[in-house]
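Chemist: My questions will all concern the structure given below.
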Amino acid sequence: MDIKAFRLKNGGIVQLADKEKMQEWPIELPLLFIEYIRSKQLDSYGSAKKEVEIYLNEILEEVAIPRLISVLKGTDNQEIILALTRIEEISKKNAEMAKPIGRYLEDLLKKNDKQILKLAKAISENFAKAERKKELAKKRKIMRDKESLFLDGKINGEEYAKARKEYLTLKD
């Protein structure tokens, strides 16, 4: 079977690719599939949402991660480079999609191949940039809240200045 079907209470059906079919996909594709469904589609699945989440976790544990690990821990440098190149492209666009390989980057940083090192470092840097962006977004939100409180007269200038200083320190 090439699809996995989930029935909705309203009579509808949600169809997803089958795990066995995913074994034939390029190694990064199951990760992209999982992340896409989770971020863009999952909320629209209504009554089947929980079942789909469980299925996505199964895909992650049984297909995506094992295949990725086998390539990344393998000895074929060309295959590793190909996988890392694809993952690096993914991490540029959306670091969260590539996060599952984060724990395997340390081992790759110990390899002697210059191209593997370069790609692993680039992926690590993309993760760091994404984390920094998240931090800045949180601080920006806090800063907007403090600013509106200050303008409403609910906090004094000293508290506002302190919050502004923290924000600017992080921004640099």
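Chemist: So, of the residues in the range 24-63 that are modelled with pLDDT of 85 or more and of a type in the set (S, T, N, Q), which turns out to be surrounded by the fewest Cβ atoms within 10 Å (Cβ to Cβ)?
Modeler: Ser44
Chemist: Considering Glu166, Glu88, Glu96, which residue is in contact (Cβ under 8 Å) with a residue 40 or more places away in the chain, of a type outside the set (Val, Ile, Thr) and surrounded by 13 or more Cβ atoms within 10 Å (Cβ to Cβ)?
Modeler: Glu96
Chemist: Kindly indicate whether any position in the range 21-31 is in contact (Cβ under 8 Å) with a residue 60 or more places away in the chain and either touching a Phe, Trp or Tyr at 6+ places or on another chain (Cβ under 8 Å) or hydrophobic (A, V, I, L, M, F, W, C) (or both).
Modeler: yes
Chemist: Okay, next question. If you scan the range 144-170, which residues turn out to be more than 24 Å from Lys133 (Cα to Cα) and either among the β-branched types (Val, Ile, Thr) or in contact with a His (Cβ under 6 Å, 6 or more places away or on another chain) (or both)?
Modeler: Once the filter is applied, which keeps residues that are more than 24 Å from Lys133 (Cα to Cα) and either among the β-branched types (Val, Ile, Thr) or in contact with a His (Cβ under 6 Å, 6 or more places away or on another chain) (or both), the range 144-170 yields only Ile155.
This table checks each residue for (1) among the aliphatic types (A, V, I, L, M); (2) part of a loop (DSSP other than H, G, I, E, B).
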| position | (1), (2) |
| --- | --- |
| Pro26 | no, yes |
| Leu31 | yes, no |
| Glu35 | no, no |
| Ala48 | yes, no |
| Glu51 | no, no |
| Leu68 | yes, no |
| Thr85 | no, no |
| Gly102 | no, no |
| Glu106 | no, no |
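Chemist: Among the residues of the range 144-161, is any touching a helix residue (DSSP H, G or I) at 6+ places or on another chain (Cβ under 6 Å) and surrounded by fewer than 16 Cβ atoms within 10 Å (Cβ to Cβ)? Steps first, answer last, please.
Modeler: Of all residues in the range 144-161, those touching a helix residue (DSSP H, G or I) at 6+ places or on another chain (Cβ under 6 Å) come to 146, 150, 155, 160.
Restricting the remaining residues to those that are surrounded by fewer than 16 Cβ atoms within 10 Å (Cβ to Cβ) gives none.
No.
Chemist: Just give me the residues in the range 99-120 being closer than 23 Å to Ile34 by Cβ and surrounded by 14 or more Cβ atoms within 10 Å (Cβ to Cβ), in sequence order.
Modeler: Passing the criteria: Lys99, Pro100, Ile101, Tyr104, Leu105, Leu108, Leu119, Ala120.
The values are calculated or read from the model by the stated rules, or taken from the named source; none is laboratory data. This is a predicted model, so every value here is computed, not measured. Neighbour counts are summed over all protein chains in view; Cβ atoms, including those assigned to glycine, are modelled from backbone coordinates with ideal geometry.
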